[in-house]
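Novice: There's a structure below that I have some questions on.
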Amino acid sequence: MTSLPERTEKKLGLVIDLDTCVGCHACVISCKGWNTENYGAPLSDQDAYGGDPSGTFLNRVHSYEVQPEEGHAQLIHFPKSCLHCEDAPCVTVCPTGASYKRVEDGIVLVNESDCIGCGLCAWACPYGAREMDAEEKVMKKCTLCVDRIYNENLPEVDRTPACVRTCPAGARHFGDLGDPESAVSRLVAERGGVDLMPEQGTKPVNKYLPPRPKDKMPEIDILAPYLEPVAEEPKGFLGWLDKALEKL
């Protein structure tokens, strides 16, 4: 079995704002596009235009309707991918060492040339963040676009995961969560960022920012503004016409 490093120099990860995510799936599409053309084997699709399509994705967005104790129900869009856990069970269960955690930045990766497709890592992951590619028969997962964030041939603004670069709502943030002074660490502290399923003891690096409480909407008639008279007393030409008609 594979061992985990005692510590990592950085803790690169994502901070996802559930209050801002609009569920547009732009992150899903950009992730699929980048990772199909770059790191590892392409992400395959089966029967893409048929009656029962399926495919391999490294990032998915789930939507849930949540009913608070007070106020109106809310629709929460919940993006999910590998959380690059500090105590990653997917690594320690791997029989070939294909699944490993990097010392320099804490990213969890799969060496596809060593992967035998046994699926043990997917069973061990409590988040369902790994997917077996049906065509290549190797395990796939989020790489934090490791081939992108260090690519000096790209403009500096593009050296960030494809999902973060693409998000139109600015709901996804990337940085070193091991540095308490980093922008992502400060954001987590300010907004009360949380771990996903902390009871699992995996110590996920990625954090989620909870939705802000929504103020209760007052009971209003949306047609009221259109039903009110434009003016209490006609003025100008309409005022003159009104008085003229009264004399008839």
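Novice: Looking only at segment 54-90, which residues are of a type in the set (A, V, I, L, M) and either surrounded by 13 or more Cβ atoms within 10 Å (Cβ to Cβ) or under 18 Å from Tyr100 (Cβ atoms) (or both)? First the steps, then the outcome.
Specialist: To start, the set of residues in segment 54-90 that are of a type in the set (A, V, I, L, M) comprises 58, 61, 66, 73, 75-76, 83, 88.
If the condition is that a residue be of a type in the set (A, V, I, L, M) and either surrounded by 13 or more Cβ atoms within 10 Å (Cβ to Cβ) or under 18 Å from Tyr100 (Cβ atoms) (or both), then Leu58, Val61, Ile76, Leu83, Ala88 are the ones that fit.
Novice: Kindly establish whether Ala129 is open to solvent by less than 40 Å² (accessible area, probe 1.4 Å), of a type in the set (A, V, I, L, M, F, W, C) and under 15 Å from the mean Cα position of the chain (by Cα). Don't jump to the end; show me each part of the working.
Specialist: Details: open to solvent by less than 40 Å² (accessible area, probe 1.4 Å): yes; of a type in the set (A, V, I, L, M, F, W, C): yes; under 15 Å from the mean Cα position of the chain (by Cα): yes.
Yes: the conditions hold for Ala129.
Novice: Also, I was wondering about something else. Condition test on Asp176, is it out of contact with any strand residue (DSSP E or B) (no Cβ under 7 Å at 6 or more places or on another chain), open to solvent by 30 Å² or more (accessible area, probe 1.4 Å) and among the acidic types (Asp, Glu)?
Specialist: It is false that Asp176 is out of contact with any strand residue (DSSP E or B) (no Cβ under 7 Å at 6 or more places or on another chain), open to solvent by 30 Å² or more (accessible area, probe 1.4 Å) and among the acidic types (Asp, Glu).
Novice: Among the candidates Arg165, Arg191, Arg186, which residue alone is charged (D, E, K, R), within 14 Å of Thr20 (Cβ to Cβ) and either out of contact with any Ser or Thr (no Cβ under 9 Å at 6 or more places or on another chain) or crowded, with 17+ Cβ neighbours inside 10 Å (or both)? Can you show your working first?
Specialist: Numbers: Arg165 fails: within 14 Å of Thr20 (Cβ to Cβ); Arg186 fails: within 14 Å of Thr20 (Cβ to Cβ).
After applying the criteria, what remains is Arg191.
Novice: Among the numbered criteria (1) in contact with a helix residue (DSSP H, G or I) (Cβ under 8 Å, 6 or more places away or on another chain); (2) surrounded by fewer than 16 Cβ atoms within 10 Å (Cβ to Cβ); (3) of a type outside the set (Lys, Arg); (4) modelled with pLDDT of 90 or more, which single criterion is violated by Asn38?
Specialist: Failed condition: (4).
Novice: Of the residues in segment 91-100, how many are open to solvent by 20 Å² or more (accessible area, probe 1.4 Å) and not polar (S, T, N, Q)?
Specialist: Qualifying residue count for the region: 4.
Novice: Looking at Glu136, Glu156, Glu152, can you tell me which residue is in contact (Cβ under 8 Å) with a residue 40 or more places away in the chain and open to solvent by 60 Å² or more (accessible area, probe 1.4 Å)?
Specialist: Glu136
The values are calculated or read from the model by the stated rules, or taken from the named source; none is laboratory data. Bear in mind that the values here come from a model prediction, so they are computed numbers and not experimental data. Neighbour counts are summed over all protein chains in view; Cβ atoms, including those assigned to glycine, are modelled from backbone coordinates with ideal geometry. Just so you know, the surface numbers come from the protein's heavy atoms only, side chains and all, with ligands and any DNA or RNA stripped out. Shrake-Rupley method; radii C 1.70, N 1.55, O 1.52, S 1.80 Å.
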